1. Using 1/(1 + (r/R0)^6) with R0 = 35 angstrom and r between the beta carbons of L78 and L55, what's the FRET efficiency to the nearest 0.05?
2. If the only charges are +1 at each Lys and Arg Cβ and -1 at each Asp and Glu Cβ, what is the size of the charge dipole of the chain around the Cα centre, to the nearest 20 debye?
3. Hey, what angle do you get for helix 2-102 against the long axis of the chain, alpha-carbon based, 0 to 90 degrees rounded to 10?
4. Can you pull the accessible area of C94 for me, 1.4 Å probe, Å² to the nearest 10?
5. In the chain, with Lys and Arg counted as +1 and Asp and Glu as -1 at Cβ, which of these residues, L27, S83, L69, has the Cα nearest the positive end of the dipole, that is, farthest along it?
6. 7 Å from Cα along Cα→Cβ at both H20 and Q68: what's the point-to-point distance in nm?
7. Hey, what does the equivalent ellipsoid look like for the chain, semi-axes from the Cα gyration tensor as sqrt of 5 times each eigenvalue, largest first, whole Å?
8. Given the rule -39500 (n - 2.57) for each run of at least 4 DSSP H residues, summed and divided by the residues of the chain, what is its mean residue ellipticity at 222 nm, to the nearest 500 deg cm²/dmol?
Amino acid sequence: SLSKENAGLAAEISEIRDSHNSIQGHLDSLTESSAAEKKQFEERIEALEINKQSLIDKEKERCEQIKQLIHKMDDLELALETSETEFKSLTEKCDELERERKE
């Protein structure tokens, strides 16, 4: 009878051990899966950070180009004003010479 009880307990212990091993296996699998997902997320975040920095750098470059274009436009505007003033002055001289010639 004691031997039957021992056999029954041994069977229960074996069943509990199998159940424990199965649960441990699932936990290990979940841990590995979670670690892999975490690594994937970290890699994606890193890629996004690199992409973000690249976009920031491109935007800075574009802003610098716009500033340069504004300076060029200012220079051209000044040159145009100077040309208009010179043209006006030459026109006045021509008109004056024309008057003198007629006199």
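The values are calculated or read from the model by the stated rules, or taken from the named source; none is laboratory data. Keep in mind it's a predicted model, so treat the numbers as computed, not measured. Cβ atoms come from the backbone with ideal geometry, glycine included; neighbour counts cover every protein chain shown. Heads up: the accessible areas ignore ligands, DNA and RNA and are worked out on the full protein's heavy atoms, side chains in. Shrake-Rupley method; radii C 1.70, N 1.55, O 1.52, S 1.80 Å.
1. 0.50
2. My answer is approximately 400 debye.
3. 0 degrees
4. We get 80 Å² for C94.
5. L27
6. Modelled inter-label distance: 7.3 nm.
7. Its equivalent ellipsoid spans semi-axes of 98, 6, 5 Å.
8. -37500 deg cm²/dmol
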